[in-house]
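Colleague: First, the structure itself, so that you have it in front of you.
The values are calculated or read from the model by the stated rules, or taken from the named source; none is laboratory data. Since the structure is predicted, the reported quantities are computational estimates derived from the model, not experimental observations. Cβ placement follows ideal geometry from the backbone for every residue including glycine, while neighbour counts extend to all protein chains displayed. Surface accessibility is based on the protein's heavy atoms, side chains included, excluding ligands, DNA and RNA. Shrake-Rupley method; radii C 1.70, N 1.55, O 1.52, S 1.80 Å.
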Amino acid sequence: MDLILYLKQHIILSPEMEAQVQGAFRQEELPKGHPLLSPGNFSQKVFYVEKGVVRTYYIKDGKDITHSFMVEGSFFVSIESAFFNSPSPYGVEVLEQATIRTIPYPDLEKVIDGSQALQKLSRLVMINAVKTFSDKLYSIQFQSAQERYNSMLEKFPDIMLRVPLGHIASYLGITQETLSRIRAGKV
């Protein structure tokens, strides 16, 4: 979803503020498989997914584990880097042709500071990010593999058509064989 359309769905955006946002964010067209960030990065950028699917991942014992998916209308930022000047344990990879908008976090703060509506929206975006992490932690601790799979499909209805099964299995914390059994209704 176009960034300006996304903003207009949530706040009233003056023509001046719209022009400022358009000028502040850089747009990039990225191919499937593009490594946006590597684990250990110090990225200060805020990303917005206009089109496509992106995943965050980490490496554990030499294994690539999917942490989250971002689809159209999603913001993401390396919290460790942008807020704590520490390396992020997460890498970011484009999973299908994508249009991404980027802005350095300090520049975004300047844009947000000029608008009460953008300040309110940024709080809502951050609250949604905390809720997403809380839901992920809850699912890992208390849900069965089948329940995690059903929750994923609720959140991302077309994810099975857009993302390789190996990434989905690692996101759910299960093997590809278990994912196949769940999909076949044999669990």
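Colleague: Remind me, relative contact order of the range 1-129 in percent, using alpha carbon pairs under 8 angstrom and six or more residues apart?
Modeller: Working: 253 pairs, mean separation 44.5, N = 129.
With pairs under 8 Å counted, the relative contact order is 35 percent.
Colleague: What is the ratio of the Cα radius of gyration of the range 97-158 to 2.2 N^0.38 Å, with N the residue count, to two decimals? Write down the numbers at each step before the final one.
Modeller: Numbers: Rg = 16.3 Å, N = 62, 2.2 N^0.38 = 10.6 Å.
Here the Cα radius of gyration is 1.54 times the empirical estimate.
Colleague: Now a separate question. So what's the angle, to the nearest 10 degrees on a 0 to 90 scale, between helix 15-24 and the longest Cα principal axis of the chain?
Modeller: It works out to around 60 degrees.
Colleague: Out of residues 5 or more away from LYS51 or on other chains, whose amide H comes under 5 Å of its own, with H placed 1.01 Å from N in the peptide plane?
Modeller: Amide H neighbours of LYS51, under 5 Å, 5+ apart: THR99.
Colleague: Round to the nearest 10 and report in Å² the accessible area of TYR90, as given by a 1.4 Å probe over the protein chains' heavy atoms.
Modeller: For TYR90, solvent-accessible area is about 60 Å².
Colleague: Return a single number: how many Lys pairs in the range 1-130, at a sequence separation of 8 or more or on separate chains, have alpha-carbon atoms below 25 angstrom apart.
Modeller: Lysine pair count for the range 1-130: 13.
Colleague: Any chance you could look up the accessible area of PHE69 with a 1.4 Å probe, heavy atoms only, rounded to 10 Å²?
Modeller: Solvent-accessible area, nearest 10 Å²: 10 Å².
Colleague: Towards the positive end of the charge dipole of the chain, with charges on Cβ (+1 Lys, Arg; -1 Asp, Glu), say which of PHE84, SER144, LEU124 has the farthest Cα.
Modeller: Farthest towards the positive end: SER144.
Colleague: Dipole magnitude of the range 3-104 about its Cα centre, charges +1 at Lys/Arg Cβ and -1 at Asp/Glu Cβ only, in debye to the nearest 20? If you can, show how the numbers build up before the last one.
Modeller: Values: 9 positive and 11 negative charges, 20 e Å.
Dipole about the Cα centre, nearest 20: 100 debye.
Colleague: With every protein chain kept in place and ligands, DNA and RNA left out, what is the accessible area per residue of the chain? Probe 1.4 Å, answer in Å².
Modeller: Values: 10460 Å² over 187 residues.
Here the residues of the chain average 56 Å² of exposed surface.
Colleague: May I pose another question? At 1.4 Å probe size, put LEU121, LEU165 in order of accessible surface, largest to smallest.
Modeller: Details: LEU121 10, LEU165 60 Å².
From most exposed to least exposed: LEU165, LEU121.
Colleague: Which percent of the accessible area of the chain is formed by carbon and sulfur heavy atoms (probe 1.4 angstrom)?
Modeller: Numbers: 5830 of 10460 Å².
That share works out to 56 percent.
Colleague: Further question on the same structure: By the scheme Lys and Arg +1, Asp and Glu -1, what is the net charge of all other residues having a beta-carbon under 13 Å from that of ARG101? Kindly include the intermediate steps, with their values, before the conclusion.
Modeller: On the way: positive: ARG26, LYS45, LYS51; negative: ASP2, GLU28, GLU29, GLU50, GLU72, ASP107.
Every neighbour counted, the sum reads -3.
Colleague: Which of the aspartates and glutamates could a cross-linker bridge to LYS155, judged by Cα under 15 Å and excluding same-chain residues fewer than eight apart?
Modeller: GLU72, ASP135, GLU147
Colleague: Taking the Cα centre of the range 97-138 as the origin, how large is its charge dipole in debye, to the nearest 20, when only Lys and Arg (+1) and Asp and Glu (-1) carry charge on their Cβ atoms? Walk me through the numbers on the way to the answer.
Modeller: On the way: 6 positive and 4 negative charges, 29 e Å.
Computed charge dipole of the range 97-138: roughly 140 debye.
Colleague: What accessible surface, in Å², does a 1.4 Å probe find on ASP135, ignoring ligands, DNA and RNA and rounding to the nearest 10?
Modeller: We get 70 Å² for ASP135.
Colleague: Restricting attention to the alpha-carbon atoms of the range 1-129, what are Rg (one decimal) and Dmax (integer), both in Å?
Modeller: Answer for the range 1-129, Rg first and Dmax second: 14.8, 50 Å.
Colleague: Could I ask something else about it? What does the charge count around PHE69 come to, taking other residues whose C-beta lies under 12 Å from its C-beta (Lys +1, Arg +1, Asp -1, Glu -1)?
Modeller: Here the count lands on 0.
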